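Beneath this line is the structure, given in structure tokens, with notes to follow.
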Amino acid sequence: KSGFTGFVNKIMHSPDDSTYAALITFTDLAAVQTPAKERKTVTGTVDRYLSNQGDVSGAGSVTVFAGFCRN
């Protein structure tokens with residue numbers, strides 16, 4: 001990240017590809033040294049459709065790589 005005062009990445013999920021809810025919320029990158037990495041696990045139901053959402057504050061640039069694996 002460069003120039004941002006905050007960046008929070010989320011993996012979202014939806015049963016119908018219409019209404020999404022946060023499934024995983026990662027640590028605010030403003031609070032960690034970059035480059036950063038974080039791995040999280042989920043228990044319970046994961047809906048069919050997934051998306052990625054980045055919530056930013058400030059201005060600048062960021063490069064995000066996110067993946068999701070179902071067991």
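Loop-resident chymotrypsin sites (Phe, Trp or Tyr not before Pro) (DSSP state other than H, G, I, E or B) in the chain with no more than 10 further Cβ atoms inside 10 Å of their Cβ: Phe65.
The label-point distance for Ala36 and Asp55, in a model that sets each label 7 Å from Cα toward Cβ, rounds to 1.4 nm.
Summing charges over neighbours of Phe26, with a neighbour being any other residue whose Cβ is under 10 Å away from its Cβ, gives +2 when K and R count +1 and D and E count -1.
Straightening the chain between Cys69 and Thr19 buys 15.9 nm, computed as 0.36 nm per residue apart minus the Cα-Cα spacing. Within the set (1) 13.2, 37; (2) 11.2, 36; (3) 14.8, 53, the number that Rg and Dmax of the Cα atoms in Å takes when calculated for this structure is listed as (1).
Bear in mind that the values in this text are calculations on the coordinates, not laboratory data. All values derive from a computational prediction rather than experimental measurement. With ideal geometry, Cβ positions are generated from the backbone for all residues, glycine too; neighbour counts draw on all protein chains shown.
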